[in-house]
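So the structure is just underneath, and the comments pick up after that.
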Amino acid sequence: MTASYLFNPEELAVFTRYVTPDTLFAFDLDGTLAPIVDDYNAVTIAEPVRDTLKRLAQLAKVVVITGRSRNDALKILEFEPDLIIGNHGSEWPAQDGKRDWQQIALCVKWQEQLKNRLGDTEGVEIEFKGESVSIHYRKSDDRESALLRINDAIKIIEPSPRRIGGKFVVNLLPKDATTKGDALVAAMDKFGLVRSVFLGDDVTDEEVFRLVGVDVLGIHIGKDYYTAAKYYLNDQSELLGLLNTMVGTIESLRAVAPPHNTNKHQS
Ligand SMILES: [Mg+2]
C-alpha cells in the first residue's frame with residue numbers, strides 16, 4: 001500500500017473525522033517535531049510548533065517517542081508533554097517502573113568495550129544514554145574510515161547488539177529491547193486510550209506504522225515508497241499546519257460536546 005498525501009482534501013476529511021479528544025497524539029522528535037540539522041546538538045523546535053503542541057497537550061494526550069534520552073528530549077521540547085519515551089522506546093519515566101536496569105547495565109558494559117576499541121579514534125564520541133549507546137562520528141575528518149572502525153568495534157562486542165543507523169551516528173540497543181511500536185501500545189494502555197495518531201520519519205518509526213490490531217493512524221514525514229504509514233507529509237515544514245488542524249478539530253468537537261460529556265464522539 002502506498003501512502004497518500006494527507007493534505008489532499010479527501011484525505012484530510014478522513015483524518016479530521018478520525019481525530020477525537022480521546023485520541024493519543026504521538027510524535028517522533030528529530031525530523032518530525034524538529035527539522036534535521038547538521039549538528040545533532042543544535043536541534044531546536046520552532047516556536048509556533050512548540051506553542052501549538054502545548055495547545056494540543058491541553059486538549060488531548062500528547063506523547064513524544066524519540067531515540068534521544070528523555071533528558072535530552074526535554075531540553076529540546078522546553079516543556080513536558082504527557083509522556084516522553086526515550087532511547088527508541090526503551091526509556092520510561094522512573095515512576096512508571098518500566099526502566100530496564102539489566103539493559104542499562106549491559107549498555108555500561110558495551111560503553112567500556114567500545115571505549116577500549118575506539119577511545120583513540122579521531123572525531124569519534126561514545127555516548128552512554130542509559131538504555132542505549134550512541135557512537136557519533138560527525139566530528140571526524142574522515143567519516144568513512146571512522147565508520148569502518150566503528151563497525152569493526154561493534155562486531156566484537158558481546159552480546160551482539162541491535163544496530164540503528166542515523167546521520168553520522170550509530171545507535172546500539174539489546175536485540176530484545178522495547179521498540180517504538182511496543183512503546184506506543186504501552187502509552188495507549190497507560191492513558192486508557194484505544195485510538196492514536198503517530199508521526200515519524202525514521203526506520204524505527206516503521207515499527208509503529210507496521211503495528212497490527214492497534215488503532216493507529218500513521219503519518220510519515222516525507223514521501224517514501226517503502227513506508228507502512230497510511231499518510232505522508234511532503235516535509236517537516238508541513239507539521240505546523242497539521243498541528244493546527246489537530247487543535248482546530250478537537251476544539252470544534254469540544255464546542256459541540258463539552259469535555260465533561262462522557263459520550264464518545266463517533267467518527
Ligand atoms: Mg526522526
Within the stretch 153-183, considering residues that are in contact (Cβ under 8 Å) with a residue 60 or more places away in the chain and among the aliphatic types (A, V, I, L, M), the one nearest to Thr66 (Cα to Cα): Ala183
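This table checks each residue for (1) of a type outside the set (A, V, I, L, M); (2) away from the ligand (no atom under 16 Å from the Cβ); (3) not in a strand (DSSP E or B).
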{"position": "Glu10", "(1), (2), (3)": "yes, yes, yes"}
{"position": "Val14", "(1), (2), (3)": "no, yes, yes"}
{"position": "Arg17", "(1), (2), (3)": "yes, yes, yes"}
{"position": "Thr20", "(1), (2), (3)": "yes, yes, yes"}
{"position": "Val37", "(1), (2), (3)": "no, no, yes"}
{"position": "Ile76", "(1), (2), (3)": "no, no, yes"}
{"position": "Phe79", "(1), (2), (3)": "yes, yes, yes"}
{"position": "His88", "(1), (2), (3)": "yes, no, yes"}
Conditions (1) farther than 30 Å from Val108 by Cβ; (2) within 15 Å of the ligand (Cβ to nearest atom): number failed by Leu217: (2)
Number of the condition not met by Arg50 [criteria: (1) in a helix (DSSP H, G or I); (2) within 16 Å of the ligand (Cβ to nearest atom); (3) touching a Phe, Trp or Tyr at 6+ places or on another chain (Cβ under 8 Å)]: (2)
Of all residues in the stretch 197-214 being among the aliphatic types (A, V, I, L, M) and farther than 22 Å from Asp235 by Cβ, the one that is farthest from the ligand (Cβ to nearest atom): Val212
Residue match in the stretch 16-23 (condition: touching a Phe, Trp or Tyr at 6+ places or on another chain (Cβ under 8 Å) and surrounded by 16 or more Cβ atoms within 10 Å (Cβ to Cβ)): no
Failed condition for Leu33, given (1) closer than 23 Å to Ala183 by Cα; (2) more than 16 Å from the ligand (Cβ to nearest atom); (3) in contact (Cβ under 8 Å) with a residue 24 or more places away in the chain: (2)
Looking only at the stretch 175-198, and only at residues there that are modelled with pLDDT under 95 and buried (at least 18 other Cβ atoms within 10 Å of the Cβ), the one that is farthest from the chain's Cα centre (by Cα): Ala177
Enumerated helices (runs of 4 or more DSSP H) restricted to the stretch 93-202, each holding at least 1 residues that are under 30 Å from Thr23 (Cβ atoms): 180-191
Residues within the stretch 229-241 that are crowded, with 20+ Cβ neighbours inside 10 Å and part of a helix (DSSP H, G or I), tallied: 2
Residue match in the stretch 199-210 (condition: touching a residue at least 40 places away in the same chain (Cβ under 8 Å) and over 15 Å from the mean Cα position of the chain (by Cα)): no
Inter-residue pairs, beta-carbon under 6 Å, first assigned by TED's automatic domain parsing to the domain that holds Leu217 and among the polar types (S, T, N, Q) and in the stretch 10-23, second part of a helix (DSSP H, G or I) and surrounded by 16 or more Cβ atoms within 10 Å (Cβ to Cβ), 6+ apart: Thr16/Thr249
Unique match (being among the β-branched types (Val, Ile, Thr) and more than 24 Å from Val170 (Cα to Cα)) among Thr32, Thr2: Thr2
Restricting the stretch 119-132 to residues that are under 30 Å from Ala94 (Cβ atoms) and free of Cβ contacts under 8 Å to residues at least 40 places away in the same chain, the residue that is surrounded by the most Cβ atoms within 10 Å (Cβ to Cβ): Ile126
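The values are calculated or read from the model by the stated rules, or taken from the named source; none is laboratory data. These numbers come from a predicted model, not from an experiment. No Cβ is skipped: glycine too gets one built from the backbone with ideal geometry, and neighbour counts run over all protein chains shown.
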